[in-house]
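Below is one structure, written out as structure tokens; comments come after it.
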Amino acid sequence: MYDDRTSDSPNNPSYEAILAASKELFLERGFPATSMAAIAERAGVVRATIYNNFDDMEAIVGEIMRRYVAGYVAIPQQLREEAMPDQTPADLIEAMIRRAISWRIENAELRPLIDLTKHLPSSPWGALDAKADEAMYGWILEIHSESARRGLLREGLDLEFSTKALYAMIEAVLSSFDVAAAERQIDDAVRQLTLLHWHALYVVEPDEVGPAFRMTGQRRGSRRPLQKTVR
């Protein structure tokens, strides 16, 4: 059974070897056709070593999924750390959407395991997915809250309700986005989602807003417009 308290063991080569071997075998053979013995052989360990780290194969899948979802959870913090003084609220929203789509594409091979995880008896997917949503929705709400303080949003909006509805739109596109999409399709999707999100809430155009300096903790800088789609 998957335990949400499971954490990375970077100083344990066997732990990492087990995860790598398991992922390879799950993708090659499928989950039902994979055994602990096969994982042990591929990882170069004895079965006892696997059981010292994981209760069963569902726990192994759960840890693979935890690491995948952790990539989404990390996106807001990465954007905070990397934010530049001239980034506007639109820039920050666009960057989050692009990072999320890119992460899905980079991990395209995991789609069969994700689908499997959703149907396991003790599936951790609901809890993991909720963590990703909480992190990314919270980041967007933080951006909009600062924009509301600056008087940039439409009057009469319930900010939390509106942000949840708009985040659901982003999530719907993200969950079905073609992992084989060309760069132009990615650019178009990112731009359209950003603009739809923006115009539902804001009373000004994206390039008419100054830097979101309070979001980044940095000083006010020069403005730059929303990144244009590469044609």
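Structure summary
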| quantity | calculated |
| --- | --- |
| Rounded Å value of the spacing that divides the Cα centres of region 131-201 and region 68-87 | 15 Å |
| Linear extension gain, Arg47 paired with Ser14, 0.36 nm per residue minus alpha-carbon span | 10.8 nm |
| 0 to 90° range, to nearest 10: angle between helix 125-149 axis and the chain longest Cα axis | 10 degrees |
| Principal-axis tilt of helix 183-201 within the chain, Cα atoms, nearest 10 degrees | 50 degrees |
| Taking only Cα atoms of the chain, radius of gyration then Dmax in Å | 20.7, 64 |
| Listed residues Tyr167, Tyr15, Tyr51, most fluctuating in the chain (Gaussian network, C-alpha, under 10 Å) | Tyr51 |
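Taken together, the values in this text are just the output of simple stated rules run on the coordinates, not laboratory data. Just so it is clear, the structure is predicted and the values come from calculations on it, not from any experiment.
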